[in-house]
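See below for the structure under consideration.
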Amino acid sequence: MRVRVLTIPPLPHVKAWFEIPSFITSSGGTIESLKIAICEQMFKPDNGTKFHHSQISLEVDQYELLDHSSAQIVRENDLIEIKLTQQRLSGVKRKREQYEATSFALKKASQPPMKVFPLATHHYSQTHILFQICIALRFYLFFVYFICVVYIVHFVHFVHFRIIDRLIFIL
């Protein structure tokens, strides 16, 4: 019997026909044995895509096929979607992570709550920041005003001396 298979990301893209081995359909094989056959034929180590059958799930019409179900529920020309399951960790690593999570939760429950201190001693509000900007702008405007006054005084002084020089020359 042949079926259509389609992989769902993050699995490598595969859209193909797949021939289910006759020993799976005739001898009362299970979905788990079908998953094993799919992994052996489609996800080979030489492609760089080796997956264990427990890492994938099979779906037909958006319904998952359970591992211990009979493979005879799959019909000719069915579209089987292959998805990566959430449990990709090996048993040892998963147990270690569960142990670490449990021990962390126990440590956290047994310790008194920690005090949280701010990283900085000052908390600046928007009003305070605007006030600081206004002070800086005021200082800048005062500086510009000072420069303008100095320039004007210098100019007036220069013109004044020129006028006095002309008056003296005329007299």
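The values are calculated or read from the model by the stated rules, or taken from the named source; none is laboratory data. Remember, predicted model here, so these are calculated numbers, not experimental data. When the accessible area is computed, the model is the full protein with side chains, heavy atoms only, and any ligands, DNA or RNA have been set aside. Shrake-Rupley method; radii C 1.70, N 1.55, O 1.52, S 1.80 Å.
Summary table below
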read-out	value
In order through the range 57-69: 3J(HN,Hα) via Karplus (6.51 cos²θ - 1.76 cosθ + 1.60), integer Hz, x for Gly, Pro	10, 10, 9, 10, 6, 6, 10, 6, 8, 6, 4, 8, 6
Accessible area in the full protein assembly, largest first, 1.4 Å probe, for THR85, THR7	THR85, THR7
